[in-house]
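The values are calculated or read from the model by the stated rules, or taken from the named source; none is laboratory data. Please read these numbers as outputs of a predicted model, since none were measured by experiment. Counting neighbours? That spans all protein chains shown, and the Cβs are built from the backbone with ideal geometry, glycine included. Heads up: the accessible areas ignore ligands, DNA and RNA and are worked out on the full protein's heavy atoms, side chains in. Shrake-Rupley method; radii C 1.70, N 1.55, O 1.52, S 1.80 Å.
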Amino acid sequence: MSEFPTNKHGISAVKTDLFASKSPLEWAVTHNGTLYTAQIPIDAAGNLVEGGIEVQTRQTLDNLMHTLRSAGVDSDAVLQVLIYVTDRDDLPVVNRVYAEYFNAPYPNRAAMVIAGLAREGMLVELVVYAAVPQ
(Lines give C-alpha, C1' and ligand atoms only; values in the text may rest on other atoms or scores of the structure.)
Protein backbone atom coordinates (compact mmCIF):
# COMPACT_ATOMS: atom_id res chain seq x y z
CA MET A 1 0.00 0.00 0.00
CA SER A 2 3.02 2.31 -0.27
CA GLU A 3 1.43 4.16 -3.22
CA PHE A 4 -1.07 5.73 -0.78
CA PRO A 5 -0.24 8.69 1.50
CA THR A 6 0.73 7.41 4.94
CA ASN A 7 0.79 9.28 8.25
CA LYS A 8 3.26 8.87 11.13
CA HIS A 9 1.19 5.98 12.56
CA GLY A 10 1.31 3.96 9.36
CA ILE A 11 -2.28 4.73 8.38
CA SER A 12 -2.66 5.03 4.61
CA ALA A 13 -5.48 6.74 2.73
CA VAL A 14 -6.92 4.73 -0.14
CA LYS A 15 -7.43 7.01 -3.11
CA THR A 16 -10.69 6.40 -4.95
CA ASP A 17 -12.61 8.20 -7.67
CA LEU A 18 -15.58 8.62 -5.34
CA PHE A 19 -16.99 12.10 -4.73
CA ALA A 20 -14.49 14.29 -2.86
CA SER A 21 -16.37 14.96 0.37
CA LYS A 22 -16.34 18.43 1.89
CA SER A 23 -16.19 16.72 5.29
CA PRO A 24 -12.79 15.94 6.83
CA LEU A 25 -12.66 12.25 5.89
CA GLU A 26 -11.18 9.64 3.61
CA TRP A 27 -13.48 7.10 2.00
CA ALA A 28 -11.11 4.38 3.19
CA VAL A 29 -7.90 3.96 5.12
CA THR A 30 -5.66 0.97 5.76
CA HIS A 31 -3.50 -0.05 8.68
CA ASN A 32 -1.68 -3.31 9.42
CA GLY A 33 -3.43 -5.21 6.65
CA THR A 34 -6.96 -4.01 7.37
CA LEU A 35 -9.08 -1.63 5.31
CA TYR A 36 -11.62 0.54 7.14
CA THR A 37 -14.41 2.19 5.17
CA ALA A 38 -17.93 3.58 5.48
CA GLN A 39 -20.08 3.83 2.36
CA ILE A 40 -23.24 5.76 1.61
CA PRO A 41 -25.65 5.93 -1.34
CA ILE A 42 -24.22 8.89 -3.25
CA ASP A 43 -23.35 9.17 -6.92
CA ALA A 44 -20.17 10.52 -8.53
CA ALA A 45 -21.44 14.09 -8.13
CA GLY A 46 -22.06 13.60 -4.40
CA ASN A 47 -25.83 13.50 -4.75
CA LEU A 48 -27.94 11.13 -2.70
CA VAL A 49 -29.49 8.64 -5.13
CA GLU A 50 -33.26 8.51 -5.18
CA GLY A 51 -35.53 5.55 -5.79
CA GLY A 52 -35.84 3.87 -2.42
CA ILE A 53 -33.95 1.25 -0.48
CA GLU A 54 -33.03 -1.01 -3.40
CA VAL A 55 -31.45 1.80 -5.43
CA GLN A 56 -29.66 3.19 -2.36
CA THR A 57 -28.36 -0.23 -1.32
CA ARG A 58 -27.07 -0.97 -4.81
CA GLN A 59 -25.31 2.43 -5.02
CA THR A 60 -23.77 1.93 -1.58
CA LEU A 61 -22.48 -1.53 -2.55
CA ASP A 62 -21.22 -0.25 -5.92
CA ASN A 63 -19.29 2.44 -4.02
CA LEU A 64 -17.91 -0.26 -1.72
CA MET A 65 -16.79 -2.46 -4.62
CA HIS A 66 -15.06 0.53 -6.23
CA THR A 67 -13.28 1.26 -2.94
CA LEU A 68 -12.19 -2.37 -2.56
CA ARG A 69 -10.81 -2.40 -6.13
CA SER A 70 -8.98 0.86 -5.40
CA ALA A 71 -7.30 -0.92 -2.48
CA GLY A 72 -6.36 -3.88 -4.69
CA VAL A 73 -8.90 -6.40 -3.36
CA ASP A 74 -12.44 -7.59 -4.05
CA SER A 75 -15.49 -8.61 -2.01
CA ASP A 76 -13.81 -11.88 -0.95
CA ALA A 77 -11.48 -9.78 1.24
CA VAL A 78 -14.32 -8.36 3.32
CA LEU A 79 -14.17 -9.48 6.94
CA GLN A 80 -17.13 -7.72 8.51
CA VAL A 81 -20.03 -5.52 7.42
CA LEU A 82 -22.11 -3.35 9.74
CA ILE A 83 -25.39 -2.41 8.07
CA TYR A 84 -27.37 0.59 9.26
CA VAL A 85 -30.93 1.07 8.00
CA THR A 86 -33.65 3.47 9.06
CA ASP A 87 -36.53 1.01 8.55
CA ARG A 88 -36.61 -2.62 9.69
CA ASP A 89 -38.92 -3.46 6.77
CA ASP A 90 -36.08 -2.59 4.36
CA LEU A 91 -33.83 -5.42 5.59
CA PRO A 92 -35.18 -8.12 3.22
CA VAL A 93 -34.39 -5.87 0.23
CA VAL A 94 -30.95 -5.03 1.61
CA ASN A 95 -30.29 -8.77 2.11
CA ARG A 96 -31.35 -9.61 -1.45
CA VAL A 97 -29.15 -6.94 -3.02
CA TYR A 98 -26.26 -7.69 -0.63
CA ALA A 99 -26.32 -11.35 -1.73
CA GLU A 100 -25.56 -10.23 -5.32
CA TYR A 101 -22.22 -8.76 -4.18
CA PHE A 102 -20.89 -11.45 -1.83
CA ASN A 103 -20.19 -15.17 -2.05
CA ALA A 104 -19.90 -17.83 0.63
CA PRO A 105 -18.18 -17.88 2.97
CA TYR A 106 -19.89 -14.55 3.69
CA PRO A 107 -18.36 -11.79 5.80
CA ASN A 108 -19.37 -11.55 9.43
CA ARG A 109 -22.26 -9.14 9.62
CA ALA A 110 -24.52 -7.13 11.91
CA ALA A 111 -27.56 -5.07 11.01
CA MET A 112 -28.88 -2.18 13.05
CA VAL A 113 -32.13 -0.29 12.72
CA ILE A 114 -31.55 3.32 13.73
CA ALA A 115 -33.64 6.48 13.96
CA GLY A 116 -31.76 8.27 11.21
CA LEU A 117 -28.51 8.78 9.34
CA ALA A 118 -26.42 11.92 9.00
CA ARG A 119 -27.67 12.87 5.55
CA GLU A 120 -31.38 13.63 5.14
CA GLY A 121 -33.07 10.96 3.01
CA MET A 122 -30.35 8.35 3.49
CA LEU A 123 -31.89 4.93 4.14
CA VAL A 124 -28.74 2.77 4.41
CA GLU A 125 -25.06 3.06 5.34
CA LEU A 126 -22.38 0.37 5.51
CA VAL A 127 -19.29 0.22 7.70
CA VAL A 128 -16.87 -2.36 6.31
CA TYR A 129 -13.58 -3.96 7.33
CA ALA A 130 -11.52 -5.91 4.80
CA ALA A 131 -8.15 -7.65 4.63
CA VAL A 132 -5.66 -5.94 2.32
CA PRO A 133 -2.05 -6.72 1.34
CA GLN A 134 0.57 -5.10 3.54
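Across the range 90-104, which residue is nearest to residue 34 (Cα to Cα) among those that are of a type outside the set (S, T, N, Q), touching a helix residue (DSSP H, G or I) at 6+ places or on another chain (Cβ under 9 Å) and open to solvent by 60 Å² or more (accessible area, probe 1.4 Å)?
Checking each candidate, the answer is 100.
Counting only residues that are assigned to a strand (DSSP E or B) and touching a helix residue (DSSP H, G or I) at 6+ places or on another chain (Cβ under 8 Å), which one in the range 105-134 is surrounded by the most Cβ atoms within 10 Å (Cβ to Cβ)? Don't jump to the end; show me each part of the working.
So the first thing to find is which residues in the range 105-134 are assigned to a strand (DSSP E or B), and the list is 108-113, 124-131.
Next cut, touching a helix residue (DSSP H, G or I) at 6+ places or on another chain (Cβ under 8 Å) only: 111, 113, 124-126, 128, 130-131.
Details: 111: 16, 113: 13, 124: 28, 125: 21, 126: 22, 128: 25, 130: 25, 131: 15.
This residue is 124.
With 28, 45 as the choices, which residue is under 15 Å from the mean Cα position of the chain (by Cα) and at negative phi? Full working, then the answer.
Details: 45 fails: under 15 Å from the mean Cα position of the chain (by Cα).
Every option except 28 fails the conditions.
What is the number of the single condition among (1) within 17 Å of residue 57 (Cα to Cα); (2) part of a helix (DSSP H, G or I); (3) in contact (Cβ under 8 Å) with a residue 24 or more places away in the chain that residue 84 does not meet?
(2)
Can you find, within the range 59-74, the residue that is surrounded by the most Cβ atoms within 10 Å (Cβ to Cβ) among those that are in contact with a Pro (Cβ under 8 Å, 6 or more places away or on another chain) and under 13 Å from residue 126 (Cβ atoms)? First the steps, then the outcome.
Looking only at the range 59-74, we keep the residues that are in contact with a Pro (Cβ under 8 Å, 6 or more places away or on another chain), and these are 59-60, 63, 72-73.
From what's left, under 13 Å from residue 126 (Cβ atoms): 59-60, 63.
Details: 59: 19, 60: 27, 63: 23.
Per the stated criteria, the residue is 60.
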